[in-house]
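The values are calculated or read from the model by the stated rules, or taken from the named source; none is laboratory data. Keep in mind that this is a model prediction, so the values were computed, not measured. Positions of Cβ are generated from backbone atoms using ideal geometry, with glycine treated the same way; all protein chains shown enter the neighbour counts. In case anyone asks, the SASA skips ligands and DNA or RNA and just uses the protein heavy atoms, side chains included. Shrake-Rupley method; radii C 1.70, N 1.55, O 1.52, S 1.80 Å.
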Protein chains: 2
Amino acid sequence: MMLGAIEAGGTKFVLAAGTSPDVITARQTIPTRDPATTLAQAAAWFAGQGQFTAIGIGSFGPIELDRRSSRWGFITNTPKPGWADCDIAGYFRARLGVPVGFDTDVNAAALAEYAAAQGEGCSSLAYLTIGTGIGGGLVLGGKPVHGAAHPEMGHIYPRRHPLDRDFAGVCPHHGDCLEGLASGPAIMTRWGASLSEFPQEHPSHAIIADYIAQACHTLFAAVAAERIVIGGGVAKTGGLVERIRARTAELGANYLPGSACHHIRTPHHGDNAGIIGAMTLANAALSSQAL
Amino acid sequence: MMLGAIEAGGTKFVLAAGTSPDVITARQTIPTRDPATTLAQAAAWFAGQGQFTAIGIGSFGPIELDRRSSRWGFITNTPKPGWADCDIAGYFRARLGVPVGFDTDVNAAALAEYAAAQGEGCSSLAYLTIGTGIGGGLVLGGKPVHGAAHPEMGHIYPRRHPLDRDFAGVCPHHGDCLEGLASGPAIMTRWGASLSEFPQEHPSHAIIADYIAQACHTLFAAVAAERIVIGGGVAKTGGLVERIRARTAELGANYLPGSACHHIRTPHHGDNAGIIGAMTLANAALSSQAL
């Protein structure tokens, strides 16, 4: 068996091949250009690796996940030039002649982290990425959550921090939603540098931790998530996850039932959560138990 | 087949008997007193109805839903005098000798509304009740969501409305969380009357609609819910659901994928959603596919 995986991001595609989600034997990264160029380059790389059994794709969004839709497997109305209405799953199914698993990049990452948490009896997990944008995936009882499309956790509205009242936020749609306030570009716009360039006393650390902690509290309260895994570039800032954890506990005020089971972690798989999750999607595409 | 159902609330217990969730043949309401009195009175009513096949209980919380726990079926650490550590499911299983289905009152209501929405292809539904307290249930793919216990949607923090900056909120744990700001008691404390006693121009209508709309936006963004059903006494205020719908659309700014599938409704089953959902829990307790 040979599984292929694609983590399709706005700036790069990560490609991988292996025999299971745990065993990646080859990988490649290519820049994201226009769809025709990028997809052909990815397909050529896979062709050079041998015969595949299935491919999994964790993609930037928004994407179509409704299997009853003729547009299942499409990237839909992204503002990214050229990529709107791109049939990414169909392309690889046609070119490689294999079943294709498909979900958001963050649901894929959540699946990989969920599998890693199984030894600890975890039954629900959210994966938040804090980077160029903010996105979230959610796995409940082993299945990634779909509904009216898929979660877009970056666009909830946190309460404004008292030391951050005036910044308008950078989200073109919502201004000061979570992504508008706490993404890498939001930090850069307001303070002119990334979080890790400031000393711990700089208010930026407490402000960003507060916004992400509000998202964690919301996920604990709204879906009773047992574990929240926080990845992405901004989350690598020294001390940030500890601050998020402490602030989330303050917000919960020890009230939420099961709060002893609420955990906030860094990714078990580090930066590989997305591509390992895409391998999991490939694996699932082979079974009748489609995710 | 005879199914029994209990909607266990903080002020009253609704009891019902019937042959399916759609066919309730007898019902009774009793006041919630201490557990010994209340549970015995409920059991006596069921005994007078004949032989049951299964019982379903939708209960106020917090409750234990983890089937691996020896305390499954308990009301856990409620502040309600006498009710902490009450083995409510075990009581009826022992007294009536039948399988017992058990979940939160709001997950039960969400199940009933979910079933009613099946004809419209709805795959995910949240049920919010806005009354003495604020609670929420969530059904995804036919299953009520559990995790670290169960959702406690009343305790997310909405952004403060500009016309409502000074009110401290009435939640004993969180002050100005959603329940602290938008529940019946919060309205009464701040304005001295219930929402329906004020004309539509009174700022209370826009303020409360805004807080509940923020919760709706959060649910759409965090779990991609297709439908949100809003029940409870406060939600019956004339014009409120329309205002919530309009404000939620503003907050979403037409950005969330699948937003054409986002619907905010009043309960199909009106005040009967909870007891019908408890019948559904009874039904499910008979199958191996436990909810």
Checklist entry - Looking at A:Gly119, A:Gly101, A:Gly90, which one is over 14 Å from the mean Cα position of the chain (by Cα), outside any loop (DSSP other than H, G, I, E, B), free of Cβ contacts under 8 Å to residues at least 24 places away in the same chain and not assigned by TED's automatic domain parsing to the domain that holds A:His263? => result A:Gly90
Checklist entry - Restricting attention to segment B:73-84, and to residues there that are touching a strand residue (DSSP E or B) at 6+ places or on another chain (Cβ under 9 Å) and within 13 Å of chain A (Cβ to nearest Cβ), which single residue is farthest from B:Gln51 (Cα to Cα)? => result B:Thr78
Next on the checklist: Condition first: in contact with a Leu (Cβ under 6 Å, 6 or more places away or on another chain), in contact (Cβ under 8 Å) with a residue 60 or more places away in the chain and not aliphatic (A, V, I, L, M). Can you find one or more residues in segment A:258-280 that meet it?
Outcome noted: yes
Checklist entry - Restricting attention to segment B:192-226, which residues are charged (D, E, K, R) and within 24 Å of B:Tyr157 (Cβ to Cβ)? => result B:Asp210
Checklist outcome for this item: When B:Ala112 is run through (1) more than 15 Å from the chain's Cα centre (by Cα); (2) of a type in the set (A, V, I, L, M); (3) at pLDDT 95 or above, the failure sits at (1)
Checklist outcome for this item: Over segment A:198-217, the set of residues out of contact with any Pro (no Cβ under 8 Å at 6 or more places or on another chain), open to solvent by 10 Å² or more (accessible area, probe 1.4 Å) and not aromatic (Phe, Trp, Tyr) is A:Pro199, A:Gln200, A:Glu201, A:His202, A:Pro203, A:Ala206
Next on the checklist: Here are the criteria: (1) within 24 Å of B:Leu219 (Cα to Cα); (2) in contact (Cβ under 8 Å) with a residue 24 or more places away in the chain; (3) among the aliphatic types (A, V, I, L, M). Tell me which single one A:Val170 does not satisfy.
Outcome noted: (2)
Item to check | Residues that are among the hydrophobic types (A, V, I, L, M, F, W, C), in contact with a strand residue (DSSP E or B) (Cβ under 9 Å, 6 or more places away or on another chain) and without any contact (Cβ under 8 Å) to a residue 60 or more places away in the chain, drawn from segment B:224-248 | outcome: B:Leu240, B:Val241, B:Ile244
Item to check | Some residue of segment A:176-196 being open to solvent by 20 Å² or more (accessible area, probe 1.4 Å), in contact with a helix residue (DSSP H, G or I) (Cβ under 7 Å, 6 or more places away or on another chain), hydroxyl-bearing (Ser, Thr, Tyr) and on the phi < 0 side of the Ramachandran plot | outcome: yes
Checklist entry - Which residue, of A:Leu96, A:Leu111, A:Leu128, is touching a Phe, Trp or Tyr at 6+ places or on another chain (Cβ under 9 Å) and within 30 Å of B:Pro144 (Cβ to Cβ)? => result A:Leu111
Item to check | Sole residue being on the phi > 0 side of the Ramachandran plot and free of Cβ contacts under 8 Å to residues at least 40 places away in the same chain, chosen from A:Gly50, A:Gly82, A:Gly73 | outcome: A:Gly73
Checklist outcome for this item: Filter segment A:121-157 for residues that are touching a Lys or Arg at 6+ places or on another chain (Cβ under 8 Å) and crowded, with 17+ Cβ neighbours inside 10 Å; the one that is modelled with the lowest pLDDT is A:Cys122
Checklist outcome for this item: Scanning segment B:5-59 for residues that are of a type in the set (Phe, Trp, Tyr), open to solvent by 10 Å² or more (accessible area, probe 1.4 Å) and either in contact with a Lys or Arg (Cβ under 9 Å, 6 or more places away or on another chain) or in a strand (DSSP E or B) (or both) gives none
Item to check | Residue count for segment A:241-275, restricted to those that are modelled with pLDDT of 95 or more, over 20 Å from B:Asp176 (Cα atoms), open to solvent by 40 Å² or more (accessible area, probe 1.4 Å) and in a helix (DSSP H, G or I) | outcome: 5
Checklist entry - When B:Asp105 is evaluated against the numbered criteria (1) in contact with a Cys (Cβ under 7 Å, 6 or more places away or on another chain); (2) closer than 24 Å to B:His268 by Cα, which criterion, by number, is the only one it fails? => result (1)
Item to check | Lone unmet requirement of (1) open to solvent by 10 Å² or more (accessible area, probe 1.4 Å); (2) in contact with a Phe, Trp or Tyr (Cβ under 7 Å, 6 or more places away or on another chain); (3) closer than 21 Å to A:Tyr211 by Cα for B:Pro162 | outcome: (2)
Next on the checklist: Just checking, does segment B:97-107 include any residue being farther than 30 Å from B:Arg227 by Cβ, crowded, with 18+ Cβ neighbours inside 10 Å and more than 12 Å from chain A (Cβ to nearest Cβ)?
Outcome noted: yes
Checklist entry - Being in contact (Cβ under 8 Å) with a residue 24 or more places away in the chain and at positive phi, is that true of even one residue in segment A:143-158? => result yes
